[in-house]
Structure formats: C-alpha cells, structure tokens
Amino acid sequence: IIHTRSSTEDAIAIVKENYDLNLKGQFHCFSGDSGQLSSVLEMENFYVSFCGNITYKNYKESEIILNCPENKILSETDSPFLPPVPYRGKRNEPSFITNTISKIAEIKSTDTEILKKNMYLNSKMLFPKMFKKE
C-alpha cells in the first residue's frame, strides 16, 4: 500500500523502475492527476484507492474517479483520518466507508451494489491470502 503526499510522481517512478508482473499494490488515498492515474493503470496489478476526502465540497478531482475503471478501484477509510461527509470533523471509523463508496458510485453514475462487488473482487485480487478459498 503506497501512501504518497506531494510525491505521487516520485512514487510512480520508483514502482515503475522495479515493476514486474509479480509486483502488485495500491496507491492509497490517490491524489494524483490524470497523467499519473494513467501511469498507475498501465501497471497490471496496481489499484487506485479513494478515501472520505472525495466527499468534501472542495474536492475538485471527480474526473480522476470517473476515469478510474471499476476493475482498478478501491476505497478505504484511512481511519482515524479523512472521515466522509456527514462525519467530517469527527474521528473516522470503518463503518463510514459506505459513504465514500456511495460518493464514488454517484460520480461514476453506477449502482452502489455493483461498485461494492467490484471493489470486493479487486480486494481479492490484490490481497488473495486474506480471503478463504471459496
């Protein structure tokens, strides 16, 4: 899980220098631009994740979410930080992730339940050892 703050370009460069198909990961709380999104999406086993800050009025990067394919998108809480609206200003907790996922679905004009299913499948691909064999 790669958490970048003002260093997305550097992080992508480092990952690309060491990239092979055995390497996989997640760009946590993605805050890059559309070019950086394209760079991440070029890497087969990498995903992009969004947190509660996408629900804030001042969030201006909806285009990034719109352009992120559902087979590459994840979400997480970033607890105890970045709680989604209507919990902004409070301590974040895992149950609030549904608000973030609903906002992603709204931006992408997709069904929330379908998005949740796709995120679940993406999680299984990224973290297979965390799931029991089905």
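Below is a table of values for the structure above.
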read-out	value
Residue match in segment 45-52 (condition: open to solvent by 10 Å² or more (accessible area, probe 1.4 Å) and out of contact with any Pro (no Cβ under 9 Å at 6 or more places or on another chain))	yes
Cβ pairs under 6 Å, 6+ apart, first in segment 1-30 and under 13 Å from Phe46 (Cα atoms), second assigned to a loop (DSSP other than H, G, I, E, B) and of a type in the set (Val, Ile, Thr)	Ala11/Thr4; Gln26/Ile1; His28/Ile1
Helices (runs of 4 or more DSSP H) within segment 35-134 that include 3 or more residues under 21 Å from Val15 (Cα atoms) and touching a residue at least 24 places away in the same chain (Cβ under 8 Å)	112-126
Subset of segment 95-109 [in contact with a helix residue (DSSP H, G or I) (Cβ under 7 Å, 6 or more places away or on another chain) and either open to solvent by less than 30 Å² (accessible area, probe 1.4 Å) or farther than 20 Å from Ser79 by Cα (or both)]	Phe96, Thr100, Ile101, Ile104, Ala105, Ile107, Lys108
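The values are calculated or read from the model by the stated rules, or taken from the named source; none is laboratory data. This structure is a prediction, so every number in the text was calculated from the model and none was measured. Neighbour counts run over all protein chains shown; Cβ positions are idealised from the backbone, glycine included. For accessibility, only protein heavy atoms count, side chains too; no ligands or nucleic acids. Shrake-Rupley method; radii C 1.70, N 1.55, O 1.52, S 1.80 Å.
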